[in-house]
1. Choose one of 322, 370, 396: the residue whose Cα lies farthest towards the positive end of the charge dipole of region 286-413 (beta-carbon charges +1 Lys, Arg; -1 Asp, Glu; about the Cα centre).
2. Among 288-299, 408-419, what's the highest-first ranking by average C-beta atoms within 10 angstrom per residue?
3. Post the alpha-carbon centroid distance, region 139-189 to region 365-430, in whole angstrom.
4. About its Cα centre, how strong a charge dipole does region 127-316 have in debye, to the nearest 20, once Lys and Arg get +1 and Asp and Glu get -1 at the Cβ?
5. Is there a quick way to get the dipole size of region 378-432? I mean about its Cα centre, with the Cβ of Lys and Arg at +1 and of Asp and Glu at -1; what is the value in debye to the nearest 20?
6. What relative contact order, as a whole-number percentage, does region 127-316 give when Cα pairs under 8 Å and 6 or more residues apart are counted?
7. Give me 144, 285 ranked fewest to most by other Cβ atoms within 10 Å of their Cβ, as a rough exposure proxy.
8. Please work out the Cα center distance from region 27-102 to region 328-344, rounded to the nearest Å.
Amino acid sequence: MLIHLLLGTFLFFIYVFVIKPLCSMFRLKMQFGQDCKISYHFLGGEIWKRLNDMKITHDIFKFEKEQYKRQPYKLFVSNFLWKIRIQVTDPEYYKVMLHNHQYYEKVNVINDNNLMKKGLIFEMNGHWKAQRTLLAEQFEFQKLKNRLPMINQVSLEMISDFQRQNNLLEMLELITGQIVIKSFFGDSAKKITIFEKDIQVAIAELLNDMGEIRFKSKYVYVKRLILGTKACNFFPTENEKKIQQRIELVKFEITKLIRNRLIEIQTSTQQSSSNSKSNLFIDVLLQDYIKNQHSKSESQGIDEILQQFITLLFAGTDTTAILCYHCLYFFAQYPEAQQEIREEVLSVCTEEYILDDRMKQLNKLSAFINEVLRLRNPAAKLVVRNSIQTHQVKDLKIQKNWNVIINPLLQSVSEKHFVNPEDFDYKRWLTPEPILNNDNFIYIPFSAGPRNCIGQHMALMETKIILSQILKQFIIQANEHVIPKWTLRFVYQLQPSNCVRLIKIQEKND
Ligand code: HEM
């Protein structure tokens with residue numbers, strides 16, 4: 001009897017973890033032939049292999065790019081335990097997926113329901129649509145234009161301190177984080193510190209630790225895969241317990257800020273006239289809450305605003321700071337381009353603040369940023385999605401509960417779409433046709449379709465201002481004492497954070 005039970009369990013185990021995923025893989029291989037690459041490994045060997053390769057290649061995507069160059073493919077199918085993971089590299093397929101976003105939920109990389117689940121990145125369907133409509137206005141040109149003086153002010157204040165700091169990336173994160181915070185709360189969040197750190201640094205570190213913990217422990221990785229967001233309550237590790245405490249503290253401080261602003265708005269005598277014109281995200285969200293107060297409690301309303309704030313901080317801080325950091329790295333690698341672009345900045349931006357009329361004239365700088373985004377986009381691959389129902393994408397059948405990864409990265413380095421794709425050549429973006437065989441889904445650094453990046457114009461404005469202000473004041477050089485590595489935390493990024501040195505221009509001339 002016991003033998004039968006053990007045998008039954010063993011066969012069930014083999015079926016779920018080996019036969020089922022392998023059958024799916026072979027079915028796709030038979031259908032797509034050379035266009036489909038498959039790789040079976042019980043514990044998702046791909047992820048660990050890439051992290052190991054990284055030690056030799058110093059670029060987590062190098063192996064993948066080389067493989068694709070040798071033999072392009074449309075799909076790459078792997079697994080983790082029973083779960084199929086399908087990476088889609090063909091624009092014809094991911095175009096359809098991006099349009100039909102209702103079939104997918106984004107996998108919550110930080111595996112938590114308290115910080116971002118109700119924000120714009122992870123919400124779905126009607127909730128997502130309502131939020132997107134509400135926030136879209138805040139990202140329109142006129143609103144962004146009003147924020148330009150603030151973006152200049154924050155950048156200038158911090159850049160003057162750059163040379164004394166060793167951690168350039170952290171300084172850039174302080175700028176981009178401060179810009180999101182000021183866009184959201186105005187000056188009221190100015191002096192908030194958590195664990196003696198500026199609020200944006202404390203939150204960025206917390207989110208990064210929450211994301212990274214799965215790569216540091218296979219126990220946590222497997223637990224999350226099986227239990228989802230309940231994993232942290234099941235025999236939590238010491239690290240998981242500490243993270244929970246940090247979440248509570250962050251939530252407590254931000255809730256205080258939101259509640260104070262709610263009281264201000266509610267007690268304001270000129271409520272409608274003062275706040276309807278407000279440029280702050282918090283006011284728009286609180287006004288919406290007040291309007292729909294009957295449908296949710298105060299704590300629910302405040303919690304949703306809190307999650308929206310963390311979402312925007314998460315989406316807008318690291319990405320933009322890392323893009324700036326990557327640009328600085330390429331300026332250091334290509335001093336001639338650096339000088340050409342500095343000359344453009346100096347001739348166009350004659351005032352201290354760089355406003356939209358001047359920004360429009362920075363053609364070479366825009367081209368340079370495009371080229372950096374082509375080769376080293378922090379959001380190189382989109383957030384992993386989980387298919388919520390079986391559906392068809394052209395001739396490809398995606399089963400419910402498969403993980404889907406939309407991977408536009410490989411198109412950006414393909415000879416089919418770019419001349420000498422591996423060369424860093426910003427001037428290609430100054431030619432009439434920088435992208436060959438373009439169908440508008442080849443080069444999509446901010447994604448495309450209804451769920452593209454809502455903050456893309458804000459990100460580009462920030463990047464141009466930060467880089468221009470740096471170019472005006474500093475010569476950018478490589479730091480020969482460190483080995484640059486292109487790695488993956490939440491986003492694809494250069495490490496360590498001091499790959500670049502800034503030399504004050506006057507001092508160099510002295
Ligand atoms: C260089 C900087 C940035 C890059 C490369 C970038 C890239 C992206 C990409 C690729 C997506 C799609 C993600 C997916 O579908 O999986 C996205 C979504 C999003 N981004 Fe950005 N982003 C940047 C900056 C910003 C900024 C500054 C903000 C706001 C402050 C922002 C807010 C968002 C939000 C809210 C979404 C979700 C939109 C939705 O689902 O409706 N991003 N971003």
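1. Highest projection toward the positive end goes to 396.
2. Put in order of decreasing packing, that is 408-419, 288-299.
3. 28
4. For this selection, approximately 460 debye.
5. On the way: 8 positive and 5 negative charges, 74 e Å.
Here the size comes out at about 360 debye.
6. About 26 percent, as a whole number.
7. 144, 285
8. That distance is 35 Å.
FYI, it's all coordinate maths here, none of it is from the lab. Remember, it's a predicted structure, so these values are computed and weren't measured experimentally. Glycine also receives a Cβ, built like all others from the backbone with ideal geometry; neighbour counts cover every protein chain displayed.
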